[in-house]
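*Asks:* One structure, pasted below without further comment.
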Amino acid sequence: MEIKYQKHSKRLQKATDFWLKVAAEYNAGLTAKDIAEKYVNPVSGRHYTREHIYWILKKLQKGI
């Protein structure tokens, strides 16, 4: 039996695309503060924090 998750794969794909964009900009030399100020969280409507950018980088480093 195959379980169909309700939009889980779409959300994960959008998040993964964003995370890879953040990692590419970090590797290009931008600081976490600059990246955080550049993007707005679509759920809360506020800018991301430095801590969230570092969390994304750790998550990618460990493997999604």
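*Asks:* Considering the range 16-39 alone, what residues qualify as being modelled with pLDDT under 95 and among the β-branched types (Val, Ile, Thr)?
*Replies:* Thr16
*Asks:* Condition first: modelled with pLDDT of 95 or more, closer than 22 Å to Gln13 by Cβ and not basic (Lys, Arg). Now tell me which residues in the range 46-64 satisfy that.
*Replies:* Tyr48, His52, Ile53, Trp55, Ile56, Leu57
*Asks:* Now a separate question. Give the residues of the range 23-64 that are among the charged types (D, E, K, R) and part of a helix (DSSP H, G or I), sorted by residue number.
*Replies:* Within the range 23-64, Glu25, Lys33, Asp34, Glu37, Lys38, Arg50, Glu51, Lys58, Lys59, Lys62 meet the criteria.
*Asks:* I'm checking my understanding of the structure. Among residues of the range 17-47 that are hydroxyl-bearing (Ser, Thr, Tyr) and exposed (fewer than 13 other Cβ atoms within 10 Å of the Cβ), which one is farthest from Gly63 (Cα to Cα)?
*Replies:* Going through the qualifying residues, I end up with Ser44.
*Asks:* Residue check, Leu12 against (1) modelled with pLDDT of 90 or more; (2) of a type in the set (A, V, I, L, M, F, W, C); (3) in a helix (DSSP H, G or I), all met but one. Which one?
*Replies:* The number of the failed condition is (1).
The values are calculated or read from the model by the stated rules, or taken from the named source; none is laboratory data. Quantities reported herein were computed from a predicted structural model and do not represent experimental measurements. Neighbour counts run over all protein chains shown; Cβ positions are idealised from the backbone, glycine included.
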